[in-house]
Amino acid sequence: MSTATKERPSWEDATLPRCSWLKLSNPAYVRYHDAEWCRPHHDEGSLYELFVLELFQAGLSWETILNKRDAFRSAYASFDVDAVASWGPSDIDRLMQAPGIIHHRRKIEASIGNARAFKAIQREYGSFDAYLWGFTDGTPLRCAPNVTRNELSDALATDLKGRGVAFAGSVTMFSYLQAAGVVNSHDPACFCAPERMQPTDAHA
Ligand SMILES: [Zn+2]
């Protein structure tokens, strides 16, 4: 992009071409679309945060979860996987009362087991990043905007289920792969589409 974009973040510019499904009336959603969605994530904290949010999202809209992101951050110890993995029954009771999050008992119960599975993967692979990106040898996969699951998400969902991860069906895992940037699903006309980005942006 030109140097002119330095002064003004993209999400303050409503005239940019974006994915057709995006609700421009929600600034948090526009910012997420522009700055996070389908961009390669490699740090463990972000990958865990998205893991929590996506598994709660199962059956709900991503916008609903995104609007609750700060509440989840407060309730889930700033997405500290070590803390969450150590929680027990009293924490489940606390989470069922925590303001602003999804009070779905099975998901809340599963979130603790999922944190333990996440940590087990970190131990086995050295990092969750190495595990996740190993599915594509580190290369993002370009997908059409209307795809909601594929062989990659099937494989990830099956592997995670075998590790005891709950609420990790293939559609949910496809959404996770998009969030983590392993899959890129921007509309070809969107300014974030890889075909439209300058080489310098693509490596940012
Ligand atoms: Zn887009």
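Each residue of region 90-104 in order: what ³J(HN,Hα) in whole Hz does its phi give by Karplus 6.51 cos²θ - 1.76 cosθ + 1.60, θ = phi - 60°, with x for Gly and Pro?
In residue order, the calculated couplings are 5, 6, 4, 4, 4, 5, 5, 10, 5, x, x, 9, 8, 8, 10 Hz.
For the chain, compute the number of Lys pairs whose alpha carbons are separated by less than 19 Å, excluding pairs fewer than 8 positions apart on the same chain.
Value for the chain: 5.
GluC sites (Glu not before Pro) within region 36-131: which are DSSP loop residues with at most 15 other Cβ atoms inside 10 Å?
Here the sparse-neighbourhood loop sites are Glu36.
Can you list residues whose amide H is under 5 Å from Leu16's amide H, if they're 5+ apart or on another chain and H is modeled 1.01 Å from N?
none
Once you order the gyration tensor axes a ≥ b ≥ c over the Cα atoms, which shape class does region 1-94 get: rounded for a/c under 1.5, otherwise prolate or oblate by comparing a/b with b/c?
Prolate, since a/c reaches 1.5 and a/b exceeds b/c.
What number comes out for the charge environment of Trp87, summing +1 per Lys or Arg and -1 per Asp or Glu over other residues with Cβ under 15 Å away?
Around Trp87, the charge tally is 0.
Please turn the phi angles of region 135-151 into ³J(HN,Hα) values with the Karplus equation 6.51 cos²θ - 1.76 cosθ + 1.60 (θ = phi - 60°), one per residue in order, whole Hz, x for glycine and proline.
For region 135-151, the Karplus curve yields 5, 10, 6, x, 9, x, 10, 7, 10, 5, x, 8, 6, 10, 6, 7, 4 Hz.
Of Ala155, His103, Trp87, whose Cα points farthest to the positive end of the dipole of the chain (charges on the beta-carbon: +1 Lys, Arg; -1 Asp, Glu; origin at the Cα centre)?
Farthest towards the positive end: His103.
So what are the ³J(HN,Hα) numbers for region 105-113, from phi and the Karplus equation (6.51, -1.76, 1.60; θ = phi - 60°), rounded to whole Hz, Gly and Pro as x?
Once θ is set to phi - 60°, the couplings for region 105-113 become 4, 5, 5, 5, 4, 5, 4, 6, x Hz.
Can you check what the net charge comes to around Ala166, using other residues whose Cβ is under 11 Å from the Cβ of Ala166 (Lys, Arg +1; Asp, Glu -1)?
+3
For Arg142, what residues show an amide H to amide H distance below 5 Å, using hydrogens built from the backbone and excluding near sequence neighbours?
Here the answer is Asn184, since their amide H atoms fall under 5 Å of that of Arg142.
For the pair Asp154 and Arg142, how long in nm is the line joining their label points, each one 7 Å along Cα→Cβ?
2.4 nm
Across all directions of projection, what mean area in square nanometres is found for the Cα convex hull of the chain?
Approximately 11.6 nm², given one-decimal rounding.
All of the numbers you see were taken from the coordinates with simple rules; none came from a lab. In this text the structure is predicted, and so the values were computed from the model without any measurement. In this analysis, Cβ positions are derived from the backbone assuming ideal geometry, glycine residues included, and neighbour counts consider all displayed protein chains.
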